[in-house]
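Take a look at the structure below.
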Amino acid sequence: MDLTVKIGDVVVSNPVGVASGTFGYGSEYEQLIDLKSIGALFTKAVTWEPRPGNRIPRIIETTSGLLNSIGLANVGREGFAKEKYPFLSGLACSTFVNVAGNTEDDYARTVEWLDEHAPLTGYELNVSCPNVKEGGLSIGGSARMVEAVTQRVRAVTDKPVIVKLTPNVTDITEIARAAEAAGADALSAMNTLVGMVIDVDTCQSVLPGKTGGLSGPAVLPVGVAIVYRVSRAVSIPVIGIGGIEGPDSALQYLLAGASALQIGTANFVDPTVTDRVLDGIRNFLSQHNLTAVSEIASLLDR
Amino acid sequence: MEHFSTPIVHNAPICERYHVMKLGWPPQFAPPLPGQFLTIQPPPGTGALLRRPFAVSDYDPLLSQIEIVYERRGSVTSHLAACRPGESLDILAPLGKAFPEPTGSARPVLLAGGIGMGPMFFLATSLLSRDTNPVLILGARDSTLIPDLPLFERIDTIIATDDGSRGFHGTSIDALHSFEADGNDMNVEYFACGPMPMLQALAVHAEQTSRKCWVSIEQTMGCAVGACMGCVIPVHGGNGYARVCTEGPIFDSQEIAWT
Ligand SMILES: Cc1cc2nc3c(=O)[nH]c(=O)nc-3n(C[C@H](O)[C@H](O)[C@H](O)COP(=O)(O)OP(=O)(O)OC[C@H]3O[C@@H](n4cnc5c(N)ncnc54)[C@H](O)[C@@H]3O)c2cc1C
Ligand SMILES: Cc1cc2nc3c(=O)[nH]c(=O)nc-3n(C[C@H](O)[C@H](O)[C@H](O)COP(=O)(O)O)c2cc1C
Ligand code: FES
């Protein structure tokens, strides 16, 4: 049974990854799961300078979902290299640094710096975080800017570059094609959906920044549809993300055309969810007499 | 930190809206300490997503049990209130920092506001076993929210209600002032859990009187293990925020940037 996934030149041991911002830098979950069993770990976003993050409250539960406004709180590139890198570099799984910034320059210089001072498996460009007013959303919403950022990063590293798409756009396939054209090795789909919760008693929005990013089971059908469309628009691997909480939701992504997966919010609910999902994928493969994860997509609507 | 499924061994109301639940604690696990908390995965059918945090209110090494005191509030706590012994819950514990040891010869004064009583009961029990002569001040809105517990017979307990229906007429902070005015204000150190306004009032009092004050803070949590940055509160120093789940929930009250 072949569970491996190829991202650029890198072979990832299995398709089940953990999503940026929900798994810290790995050490937080060390006591709770065997990190060797994860395919790939995507770190919390790293920016050029440290960021304190947004005002509180930062999270609120919604019906089957989680609305967050963390604001890319992170220790910055130097803090990352000093405090987080030593642990990450010792892990057996693939490790991708999620990189965020406000300008093309930010992305390129952060990746270049990390390549020199804290090299891991590769990078995931977060062009889609909806929480930062400038940068994040506007870059991810424009095919031209996604292409420019991807090109700039492509030019400074030989490691795999994954572009993480935002669902908060009119035509996601246009953005996906722009990233592919600029040299992305894979695409992650998707980041959180913009959402808002208003407290009817106080007549105030619950999050100080008014809106936040929605994740969790509530967004699953949105992510599956996006992966279905994006995987047909490009020929590079697509990593399915959004609302995965067990084998069923994971398999929906693989059937829709995802080559790999990331699990986010569900880690908060059940830290062993990645093991359950991988077992479910193995069982599905044997039930259907398949030998590789890559064959699952061919079953859809046959 | 352990993630396991464990049976409920006892679950009963202790007063209006508050319940106590005892759960099995495998003896091979490191014991929880006063101030630490656990999270419970929402059982199926509650419609809830995120794990719910509760402070540990007691640990019994002989029976291998831990205890929580919880308030019926929304979907998960209402479900918990209807659970029977023998049913199992999915637990993550022990989490967060514990209360520190009292400094030197200071007399520990423990303040609990409302459902903040859980961690104070655990701290009280543990201090009693080390003859530190602690005082417990328990504040609530009215007498229906004050349980009757054997613990109150073993420790100096002052009960305060906002409406005067039981004990001292006033808040737990009013009761503290009255207690200190009676000549008990020499060498004390505060430990508290309760609503933010109460903790802030205590922090101000502690600062004015140059006393140590440790508070247990609540904040909505995502991961509860330090990974998501969702549970922060504003603090002095660092980058201006600290994670309640891992850097807390116990803080030196002077560290917090009260608003
Ligand atoms: C570190 C920590 C320790 C805690 N210890 C205890 C404890 O010992 N006993 C206890 O009864 N409760 C405790 N809580 C609060 C407890 O987690 C909430 O009451 C619980 O999550 C409510 O779940 P629910 O599904 O019943 O209610 P929900 O339907 O989620 O909410 C019902 C109401 O409770 C409020 N609420 C939800 N979560 C919290 C929260 N984290 N803090 C304050 N209010 C909240 C909501 O705003 C809402 O108004 C603690 C919280 C933290 C962060
Ligand atoms: C608390 C939280 C923090 C997040 N931080 C980041 C981040 O720093 N960078 C990023 O690209 N995505 C971030 N995300 C988005 C997730 O990686 C993921 O795309 C999204 O949550 C959808 O997956 P899920 O439904 O499995 O959680 C964050 C999500 C959550 C819930
Ligand atoms: S709840 Fe995730 S960091 Fe505290």
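The values are calculated or read from the model by the stated rules, or taken from the named source; none is laboratory data. All values derive from a computational prediction rather than experimental measurement. Positions of Cβ are generated from backbone atoms using ideal geometry, with glycine treated the same way; all protein chains shown enter the neighbour counts.
For segment B:190-231, residues that are within 27 Å of B:Thr103 (Cβ to Cβ), within 16 Å of ligand 1 (Cβ to nearest atom) and hydrophobic (A, V, I, L, M, F, W, C) total 9.
Evaluation of B:Val235 against the conditions (1) within 14 Å of chain A (Cβ to nearest Cβ); (2) within 15 Å of ligand 1 (Cβ to nearest atom); (3) under 30 Å from A:Val46 (Cβ atoms) shows that the sole unmet condition is (2).
Only one residue in B:Pro61, B:Pro100 is touching a Pro at 6+ places or on another chain (Cβ under 7 Å), more than 16 Å from ligand 3 (Cβ to nearest atom), more than 14 Å from every other protein chain (Cβ to nearest Cβ) and within 25 Å of B:Pro31 (Cβ to Cβ), so which one is that?
Numbers: B:Pro100 fails: touching a Pro at 6+ places or on another chain (Cβ under 7 Å).
Testing whether each residue is touching a Pro at 6+ places or on another chain (Cβ under 7 Å), more than 16 Å from ligand 3 (Cβ to nearest atom), more than 14 Å from every other protein chain (Cβ to nearest Cβ) and within 25 Å of B:Pro31 (Cβ to Cβ) leaves just B:Pro61.
Whether any residue in segment B:4-26 is part of a loop (DSSP other than H, G, I, E, B) and within 30 Å of B:Glu101 (Cα to Cα) is what I want to check.
Step one: list which residues in segment B:4-26 are part of a loop (DSSP other than H, G, I, E, B), which gives B:16-17, B:25-26.
From what is left, the residues that are within 30 Å of B:Glu101 (Cα to Cα) are B:25-26.
Within segment B:4-26, one or more residues are part of a loop (DSSP other than H, G, I, E, B) and within 30 Å of B:Glu101 (Cα to Cα).
Considering only residues in segment B:17-28 that are surrounded by 15 or more Cβ atoms within 10 Å (Cβ to Cβ) and over 18 Å from the mean Cα position of the chain (by Cα), the one that is nearest to the other protein chains (Cβ to nearest Cβ) turns out to be B:Trp25. Which one is nearest to ligand 3 (Cβ to nearest atom), of the residues in segment B:65-92 that are over 26 Å from A:Thr63 (Cα atoms) and assigned to a strand (DSSP E or B)? Here the answer is B:Ile68. Considering segment B:32-47, and only residues there that are more than 12 Å from B:Leu92 (Cα to Cα) and either in contact (Cβ under 8 Å) with a residue 60 or more places away in the chain or within 16 Å of ligand 2 (Cβ to nearest atom) (or both), the residue that is nearest to the other protein chains (Cβ to nearest Cβ) turns out to be B:Leu33.
Being of a type in the set (Val, Ile, Thr) and surrounded by fewer than 17 Cβ atoms within 10 Å (Cβ to Cβ) is a condition met by no residue of segment A:250-263. Among the residues of segment A:42-55, the ones that are crowded, with 19+ Cβ neighbours inside 10 Å and within 11 Å of chain B (Cβ to nearest Cβ) come to 6 in all.
Considering segment A:28-41, the residues that are of a type outside the set (Val, Ile, Thr) and outside any helix (DSSP H, G or I) include one that is surrounded by the fewest Cβ atoms within 10 Å (Cβ to Cβ), namely A:Gln31.
Among residues of segment A:26-44 that are on the phi > 0 side of the Ramachandran plot, those with a beta-carbon under 8 Å from a residue that is modelled with pLDDT of 95 or more and more than 14 Å from ligand 3 (Cβ to nearest atom) at least six positions away or on a different chain give the pairs A:Gly26/A:Leu35; A:Gly26/A:Leu41; A:Gly26/A:Thr43; A:Gly26/A:Phe87; A:Gly26/A:Leu88; A:Gly26/A:Leu91; A:Gly26/A:Thr95. Scanning segment B:10-58 for residues that are of a type in the set (A, V, I, L, M) and over 23 Å from B:Gln219 (Cβ atoms), which turns out farthest from ligand 3 (Cβ to nearest atom)? Ranking the candidates gives B:Ala12 first. Please go through segment B:118-140 and give me each residue that is out of contact with any Gly (no Cβ under 7 Å at 6 or more places or on another chain) and over 19 Å from B:Glu67 (Cβ atoms), ordered by number. Within segment B:118-140, B:Arg130, B:Asp131, B:Thr132, B:Asn133, B:Val135, B:Ile137 meet the criteria. Residues in segment B:179-199 that are closer than 14 Å to B:Lys212 by Cα and in a helix (DSSP H, G or I): 1 in all. Checking each residue in segment B:73-119 for being surrounded by fewer than 16 Cβ atoms within 10 Å (Cβ to Cβ), within 20 Å of the chain's Cα centre (by Cα) and within 8 Å of ligand 1 (Cβ to nearest atom) picks out B:Arg73, B:Gly74, B:Ser78. The single condition among (1) without any contact (Cβ under 8 Å) to a residue 40 or more places away in the chain; (2) more than 14 Å from every other protein chain (Cβ to nearest Cβ) that B:Leu202 does not satisfy is (1). Tallying residues that are among the acidic types (Asp, Glu), within 14 Å of ligand 3 (Cβ to nearest atom) and not in a loop (DSSP other than H, G, I, E, B) within segment B:200-259 yields 0. Considering B:Thr132, B:Thr125, the condition of being of a type in the set (Val, Ile, Thr), in contact with an Asp or Glu (Cβ under 8 Å, 6 or more places away or on another chain) and either more than 16 Å from ligand 1 (Cβ to nearest atom) or at pLDDT 95 or above (or both) is satisfied by B:Thr125 alone.
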